[in-house]
Amino acid sequence: MIYFENLNKTNSLFIKNFKKNYDMFIQRGQYILGKNVLNFEKNFAKYIGTKYCIGVGNGLDALTMALKALDLPKNSEVIVASNAYIASVISIINANLKPILCEPDISSYNINTNVLKKKITKNTKAIMAVHMYGKPCNMREIKKICNQSNIFLIEDCSQAHGATFENFFLGTFGDLSCFSFYPTKNLGCLGDGGAILTNSNLLDKKLRGMRNYGSIRKYYNDIFGQNSRLDEFQACFLNVKLKSLDKINNHKIRIAKLYDKYLNAKFIKPVINKYEKHVFHIYNIRHPKRDILRKYLKKNKIQTEIHYPVQPSEQKAYKNMFKVKCLVSKEIHETTLSLPISYSHKKSEILKIIQTLNNFKL
């Protein structure tokens, strides 16, 4: 069986160095917001190119806290791609704001900037740019729209660690940028973890208080807050893995090039532009008989995933919230299939997958 992801195999490459850091962490005896978190925040901000990084409990908390930190009026509108993972939508709801779904471009799977312009109203206070699968949104155009309309820009970089647009890292375009370190991410930890990046000193200080019960000074709660702190244990592992992020991304890019080159034309493959670096958290193809194709691959001992089978507007918990029909999203969700593309996959495995796919017949 070729598994979609084997985290034990992937992370085993980092365990030796992690154990050295872990031993020091245990001996130090500081288990909450200690040296590991401070070092990771410094290292990750430097890697991406922002002044500040605030480590938090997970990617959803990162998005929710980022929105709350802006102090937007209740029920202000935040535009988000209609095919985004549900966490992006939940974060807007959790911040007491109103998500406005915007259809994606069918070729990029990212928010369609032509549709986006038409979605802006007097109540629009922010745009959440979700970089789907590790592919950058058109940040030049989105920044322009935000500047013209005087609205905030939040980057959801949960799938795009190390991706670039016009040679600038994703995470440097937004007023606030949010990352998830869920284990399957290119920069994944050994549990939950997240971070918020910004160049604003004011937002940095505010978010550091918000993640820790609203307390910047111990036992003094000057702002409303919550308990959402990046764990020392996870930061310890992330400090080790961050050093290999470029290597991880480049490995996945090489696999993507094999798929691009050898998969035949009956599969719709990702569109890659010269001015962007897509880091392929997910390599998705599309096919009208997706479910039959997936069963065929499983029969041939190839594991795949679907990111994602149901769009946000059709999820049971939220379907009464949205009145719009998102037909482009629906087509993507019904035809997309994610192929194996992890750091532990070998060229021989990928070539076998390609051969099996090309032999698929209805």
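Every read-out reported here was derived from the displayed coordinates using simple, explicitly stated rules and does not represent laboratory data. Not measured: the values here are computed from a predicted model. In this analysis, Cβ positions are derived from the backbone assuming ideal geometry, glycine residues included, and neighbour counts consider all displayed protein chains.
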Diffing segment 177-184: the Karplus 3J(HN,Hα) column from phi (6.51, -1.76, 1.60, θ = phi - 60°), in whole Hz with x for Gly and Pro, holds 10, 10, 10, 10, 10, 3, x, 7
Quick one, which of [x] 21.4, 82; [y] 20.4, 66; [z] 21.4, 63 is the actual Rg and Dmax of the Cα atoms in Å calculated for this model? [y]
Env charge @ Asn359, Cβ radius under 13 Å, K,R +1 / D,E -1, value +4
Give me the one-decimal Kirkwood hydrodynamic radius in Å for segment 245-358, with the sum taken over alpha-carbon pairs. 15.4 Å
Below 13 angstrom from the Cβ of Gly57, what's the summed charge of the other residues (Lys, Arg +1; Asp, Glu -1)? -2
Selected from Gly194, Asn264, Val240, residue furthest toward positive end of dipole (segment 179-268; charges at beta carbon): Asn264
Residue (of Gln311, Ile341, Gln355) at the positive-pole extreme of segment 245-358, dipole from beta-carbon charges: Gln355
The answer for trypsin sites (Lys or Arg not before Pro) in segment 175-213 that fall in a DSSP coil and have at most 15 neighbouring Cβ atoms within 10 Å is none
For segment 20-119, run through the chymotrypsin sites (Phe, Trp or Tyr not before Pro) and keep only the ones in DSSP coil with at most 12 other Cβ atoms within 10 Å of their Cβ. Tyr31
Within 10 Å of each candidate Cβ there may be at most 13 other Cβ atoms; applying that plus a DSSP loop requirement, which chymotrypsin sites (Phe, Trp or Tyr not before Pro) in segment 215-258 survive? Tyr219, Phe224
Treating cross-link reach as a plain straight distance, find the aspartates and glutamates whose alpha-carbon is under 14 Å from the alpha-carbon of Lys243, omitting any fewer than eight places away in the same chain. Glu41
Where the Cα pairs of segment 138-264 fall when distances are cut into 5 Å bins, in %: 2, 9, 14, 17, 18, 15, 12, 7, 3, 1, 1, 0, 0
Charge dipole magnitude, Cβ of K and R +1, D and E -1 - segment 108-193, Cα centre, debye nearest 20: 460 debye
Summing -39500 (n - 2.57) over every DSSP H run of at least 4 in the chain, dividing by its residue total and rounding to the nearest 500, the 222 nm mean residue ellipticity is -12500 deg cm²/dmol
Positive dipole terminus of the chain, leading residue within Leu97, Val115, Gln226 (C-beta point charges): Val115
Give the cross-link partners of Lys361 among the aspartates and glutamates, using a straight C-alpha distance below 18 Å as the criterion and excluding same-chain residues fewer than 8 apart. Asp291
Want the number for Lys205 to Glu349: 0.36 nm per residue separation, take away the alpha-carbon distance, what's left? 47.1 nm
Place a +1 charge on the Cβ of each Lys and Arg in segment 245-358 and a -1 charge on the Cβ of each Asp and Glu, then give the dipole magnitude about the Cα centre in debye, rounded to the nearest 20. 280 debye
Measure out, as a whole number of angstrom, how far apart the alpha-carbon centroids of segment 280-300 and segment 136-167 sit. 30 Å
Quick one: which residues, 5+ away or cross-chain, put their amide H under 5 Å from the amide H of Ile100? H built at 1.01 Å from N. Val78, Ile79, Val80
Output row, site Gln303, 7 Å Cα→C-beta label point, backbone N cut-off 11 Å, window segment 1-44, residues 1-9
For segment 297-362, I need the span (max minus min coordinate) of the C-alpha atoms along each principal axis, in Å, sorted largest to smallest. 47, 30, 19
Where nothing but the Cβ of Lys and Arg (+1) and of Asp and Glu (-1) is charged, how large is the charge dipole of the chain around its Cα centre, in debye to the nearest 20? 780 debye
